[in-house]
Amino acid sequence: MIDVALLRDNPEALADSLRRRFLDIDVPSLASLDEERRRVRVAAEDLRAEQRRRGKEIATLSGDEKQEAIAAVARIANDYKDKLVAADALDAEFEAEWVKMPNPAHASAPVGHTDEDNIEIERIGEPVAPDFEVLDHLAIGEALDIIDAERGAKVSGSRFAYLKGAAVLYEFALVRWGLDVLSGHGFTPVAPPILVREDALFGTGFLPGARDQVYAVGVADGEGGFESDGLYLAGTAEIPLAGLHMDEILEEADLPRRYVGFSTCFRREAGTYGKDTRGIFRVHQFDKLEMFAYVTPDQSWDEHEYLLEREREIVDALEIPYRIVNVCTGDLGDPAAKKYDIEAWFPGQNAYREITSCSNTTDFQARRLRIRYRDEQGDNRLVHTLNGTAIAVGRTLIALLENHQQADGSVLIPAALQPYLGTDRIGP
RNA sequence: GGAGGGAUCGCAUAGUCUGGCCUAGUGCGCACGCCUGGAAAGCGUGUAGACGGUGUAAGUCGUCUCGAGGGUUCGAAUCCCUCUCCCUCCGCCA
């Protein structure tokens, strides 16, 4: 959610922000709705003030005088209730529109419609062209008997897979290494709840927009009936990490406050039928290490670069060629003002594909979650929140397998991970 | 799943039975001041948030919030209903 002051003080800037995201929202009519709701609210509050003032006098009266006063105040109370209902209805009408308002994109975010309009800002490492036939991760994984997508589908359906043997050890080596790297930078490791309430989902901006991407939890009666528990499977640790400080006022001295959360992530992947169907590139369930930072508004743009640096540090150590893209306005998502994706080179697809994503959501999430800090003057101000992928285990494994495969079918392990895995290669 | 007890202004508590004197009292903590060579003690003052009106501003005025939402009433921390969370016990359980 964004600041209504933008609508009142600078509607042109708001309209411009919407144009940059190719959204057609009628700003003037929203502005007049806002004025109307405040006008009715003030009228209701004035009636309420009079009711309270005269209601207090009743206790001092008696007899006919008291009865007359009660009748008079009852009329005011009725008027107030009518006005209150009207004011509440207008508020609800306005809020329903306002929560859909995306975060204005940062000036440096490129204007564009789809991920094809993202701007590459740097390319690191050279894809090597090996002198043998390159296999994709599923072929490698099946040959080594460490990825089993077929049995995953048997038990759970499409977009599920088993990791086995060395792939599992590799996953936990990556996770442990990632935690060591980031706690070395002062990030606090967190194992958060992955079932979250609707509030937390709304607060991070996943609702009301992306309801069809989220699994709901409840009791199924086996005959198609379903009773919701009001809980949802988080698609990323970003959600419980953002919710961690909801309704809190932090001390400025404690900022930036950085966390690295480990969680399994669940995604329905609605609308992706037929896309990335092979292997474990796009699955309903994967594990991820996610960075999350709470900062002051002054710190947030530096922090965005800082989180990107942490991602680079990690991908560099994995010895994988990659590029960094500045995500365009059409591909940003409502909460983010700016987003960097790191796209690793995937020899099996002969393409760069996303393995991390790093967003500055400025005060968009903080306003919905009511996360503030007390500044030097003692005023409470909204924090800025940022998130960035540290290690998305599934896709990182793919990149590692495909980039480090050898002619003999084995896969080399980058030096940084060898101590964690206890070997320098997987396979023959 | 069953039975019971709770949730009050940072913390602890009073207030709820019996609606208006609650503009929510008190203690602790915290901040500032007085006192002191300095400190402690003592004394004094202050000590939530949100929204909105007004004002260049400091400010000032109003409304809302006693876990959340609804209801009764001229009037609700207090009475009624629903929900959430916490605690104790029983059952089940990794």
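Before moving on, here are some points about what is shown:
- Residue that is modelled with the lowest pLDDT [pool: residues in the stretch A:66-103 that are more than 9 Å from RNA strand B (Cβ to nearest atom) and of a type in the set (S, T, N, Q)]: A:Gln67
- Qualifying positions in the stretch A:275-298 - in a loop (DSSP other than H, G, I, E, B) and not aliphatic (A, V, I, L, M): A:Lys275, A:Asp276, A:Thr277, A:Arg278, A:Gly279, A:Phe281, A:Arg282, A:His284, A:Thr296
- Among residues that are assigned to a strand (DSSP E or B), surrounded by fewer than 16 Cβ atoms within 10 Å (Cβ to Cβ) and not charged (D, E, K, R), A:Thr272 is not included.
- Selection count, the stretch A:347-384, where residues are in contact with a strand residue (DSSP E or B) (Cβ under 6 Å, 6 or more places away or on another chain), surrounded by 21 or more Cβ atoms within 10 Å (Cβ to Cβ) and either over 17 Å from A:Asn326 (Cα atoms) or among the β-branched types (Val, Ile, Thr) (or both): 10
- Pick from the stretch A:222-246, criterion in contact with a helix residue (DSSP H, G or I) (Cβ under 9 Å, 6 or more places away or on another chain) and in a strand (DSSP E or B), ranking: farthest from RNA strand B (Cβ to nearest atom): A:Tyr232
To keep it simple, each residue is scored yes or no on (1) hydrophobic (A, V, I, L, M, F, W, C); (2) touching a residue at least 40 places away in the same chain (Cβ under 8 Å).
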| residue | (1), (2) |
| --- | --- |
| A:Thr204 | no, yes |
| A:Arg211 | no, no |
| A:Tyr215 | no, yes |
| A:Gly218 | no, no |
| A:Ser228 | no, no |
| A:Leu231 | yes, no |
| A:Ile239 | yes, yes |
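- The residues of the stretch A:385-415 that are among the aliphatic types (A, V, I, L, M) and buried (at least 19 other Cβ atoms within 10 Å of the Cβ), listed by number, are A:Leu386, A:Ala390, A:Ile391, A:Ala392, A:Val393, A:Leu397, A:Ile398, A:Ala399, A:Leu400, A:Leu401, A:Val411, A:Ile413.
Residue-wise test of (1) within 13 Å of RNA strand B (Cβ to nearest atom); (2) among the hydrophobic types (A, V, I, L, M, F, W, C); (3) modelled with pLDDT of 90 or more; (4) crowded, with 17+ Cβ neighbours inside 10 Å.
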residue	(1), (2), (3), (4)
A:Arg21	no, no, yes, yes
A:Asp24	no, no, yes, no
A:Leu30	no, yes, yes, yes
A:Asp34	yes, no, yes, yes
A:Arg38	yes, no, yes, no
A:Ala43	yes, yes, yes, no
A:Leu47	yes, yes, yes, yes
A:Lys56	yes, no, no, no
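- Residues in the stretch A:58-74 that are of a type in the set (Val, Ile, Thr) and surrounded by 11 or more Cβ atoms within 10 Å (Cβ to Cβ) were compared, and the one that is nearest to A:Leu332 (Cα to Cα) is A:Val73.
- Residue count, the stretch A:90-115 (criterion: part of a helix (DSSP H, G or I) and touching a helix residue (DSSP H, G or I) at 6+ places or on another chain (Cβ under 9 Å)): 7
- Residue count for the stretch A:19-44, restricted to those that are touching a residue at least 40 places away in the same chain (Cβ under 8 Å) and assigned to a helix (DSSP H, G or I): 10.
- Close pairs (6 angstrom Cβ cut-off, 6 or more residues apart or separate chains): not assigned by TED's automatic domain parsing to the domain that holds A:Gln418 in the stretch A:176-193, at pLDDT 95 or above and in a helix (DSSP H, G or I) anywhere: none
- Scanning the stretch A:192-221 for residues that are part of a strand (DSSP E or B), of a type in the set (A, V, I, L, M) and either more than 14 Å from A:Arg268 (Cα to Cα) or modelled with pLDDT under 85 (or both) yields a count of 4.
- Boolean, A:Ala390 is in contact with a Ser or Thr (Cβ under 9 Å, 6 or more places away or on another chain), away from RNA strand B (no atom under 16 Å from the Cβ) and hydrophobic (A, V, I, L, M, F, W, C): yes
- Test: residue in the stretch A:123-142 that is of a type outside the set (A, V, I, L, M), in contact (Cβ under 8 Å) with a residue 24 or more places away in the chain, more than 19 Å from A:Phe281 (Cβ to Cβ) and part of a strand (DSSP E or B): yes
- Single condition A:Ala5 does not satisfy, out of (1) surrounded by fewer than 14 Cβ atoms within 10 Å (Cβ to Cβ); (2) more than 12 Å from RNA strand B (Cβ to nearest atom); (3) of a type in the set (Gly, Ala, Ser): (2)
The values are calculated or read from the model by the stated rules, or taken from the named source; none is laboratory data. It should be emphasised that the depicted structure is a prediction, and the values quoted were computed from it without experimental measurement. Virtual Cβ from ideal backbone geometry, glycine too; neighbours counted across all protein chains shown.
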